[in-house]
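Chemist: I have a structure here, written as structure tokens, and I will follow up with some questions on it.
The values are calculated or read from the model by the stated rules, or taken from the named source; none is laboratory data. Note that the structure is predicted; figures quoted are calculated from it, not measured. Quick reminder, even Gly has a Cβ in these numbers, built from the backbone with ideal geometry, and neighbours come from all protein chains shown.
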Amino acid sequence: MPLTAPIVRIDRVATDDRDVAELSYEDARDELVRVVTELEQGSATLEQSLSLWERGEALANRCEEWLIGAKERLDAARAAE
């Protein structure tokens with residue numbers, strides 16, 4: 001999947017005031033892609049890398065929550081048929 005949004009710099013990721021729990025699946029996924037790209041560049045300090053990693057973990061967990069919820073809804077709809 002090509003990146004269409006600009007890469008988020010470390011200072012924006014670390015100070016993002018939107019709580020991960022409030023993000024839609026698409027927003028969490030897109031930010032996760034940017035975090036991974038930033039980590040892969042290898043230009044961050046150790047502390048910045050740890051902050052990015054932690055944010056990435058939280059974003060990945062949020063995406064998983066959305067996907068689990070979607071699966072449960074689909075399973076419930078199929079069971080109701």
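Chemist: Would you mind stating whether LEU32 is closer than 16 Å to ASP19 by Cβ, at pLDDT 95 or above and in contact with an Asp or Glu (Cβ under 6 Å, 6 or more places away or on another chain)? Before the answer, list the steps.
Modeler: Working: closer than 16 Å to ASP19 by Cβ: yes; at pLDDT 95 or above: yes; in contact with an Asp or Glu (Cβ under 6 Å, 6 or more places away or on another chain): no.
No: the conditions fail for LEU32.
Chemist: Every residue in the range 54-81 that is within 15 Å of ASP27 (Cβ to Cβ), surrounded by 13 or more Cβ atoms within 10 Å (Cβ to Cβ) and among the acidic types (Asp, Glu), please.
Modeler: GLU65
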